[in-house]
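The values are calculated or read from the model by the stated rules, or taken from the named source; none is laboratory data. Note that the coordinates shown come from a computational prediction; the quantities given were computed from them, not determined experimentally. Neighbour counts are summed over all protein chains in view; Cβ atoms, including those assigned to glycine, are modelled from backbone coordinates with ideal geometry.
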Amino acid sequence: IYWLLRHNDNPPLQKGKGKSTEDLVDRQLPELLFHMEELRILVRKYSQVIQRYYVQYLSGFDAIALNQMMQNLTVCPEEESLILSSLCSSIGHLSVKQVEENEIFDFQGLRIDWIRLQASTSLAKSPLMLKEKTELASLLDTIIFHT
C-alpha cells in the first residue's frame, strides 16, 4: 500500500512503454484496507492469546530442540557454545505466567546474540560453519521469528 501511494504521488519516469497512472489504480484497495484494519483490531484484541501461543512454543519446543541440536554438535567453540547456551536458557525460562502478568518481553539481546553467532560462524577460519549446519540455522531463524 505504501509503495502504491508513493508511486501514485511520484510516478516513475516514462521510458518507451512506461506505466501510466491508470496502471496504479486498484479498485480492490479500499476493501484491502478495510480487511487490514479488521485484522489489526483482532490482533490487538487477542494479543495475549497470540503471546501465550508463542511463549509456549518457544519454551516448549524451540528450547528443547535447540538443546538437542547443541548436544549433537561435534565441534562447537567456547564462544559459540556460550551464545547458544544463552539463547537456549533465555527461551527456556519463558512462562505463560509472564504473559498473564502483562510483562513486556524484550528479545533485543536474543536477536543480537543470533547476529553475533552468524558473524562469528561466517568467518573462514571458524570451526563451526553455520552454512554446513543448515538445521541449526533454520531452527535459530525460526526462534528469532517467534520472538
- prompt: Among the numbered criteria (1) surrounded by 14 or more Cβ atoms within 10 Å (Cβ to Cβ); (2) not in a helix (DSSP H, G or I), which single criterion is violated by Glu103?
  reply: (1)
message: Just to verify a result, which residue in the stretch 18-35, among those that are in a loop (DSSP other than H, G, I, E, B) and either surrounded by fewer than 10 Cβ atoms within 10 Å (Cβ to Cβ) or of a type in the set (Gly, Ala, Ser) (or both), is modelled with the lowest pLDDT?
response: Gly18
message: I need the full set of residues from the stretch 60-84 which are surrounded by 14 or more Cβ atoms within 10 Å (Cβ to Cβ) and closer than 17 Å to Arg111 by Cβ, in order please.
response: Asp62, Ala63, Leu66, Glu80, Ile83, Leu84
message: Return the pair list, or none, for Cβ contacts closer than 8 Å from residues in the stretch 80-96 that are within 17 Å of Leu130 (Cα to Cα) to residues that are part of a loop (DSSP other than H, G, I, E, B) and not hydroxyl-bearing (Ser, Thr, Tyr), at least 6 apart or on different chains.
response: Glu80/Leu128; Leu84/Cys76
- line: Those residues of the stretch 106-147 that are without any contact (Cβ under 8 Å) to a residue 24 or more places away in the chain and either over 23 Å from Tyr53 (Cβ atoms) or not in a helix (DSSP H, G or I) (or both) come to a total of 15
- prompt: Quick one: how many residues across the stretch 73-84 are in a helix (DSSP H, G or I) and over 14 Å from Leu139 (Cα atoms)?
  reply: 6
- line: So, first residue under 20 Å from Asn10 (Cα atoms) in the stretch 24-37, second residue surrounded by 10 or more Cβ atoms within 10 Å (Cβ to Cβ) and of a type in the set (Val, Ile, Thr), Cβ within less than 8 Å, six or more apart or across chains; the pairs are Leu29/Ile1
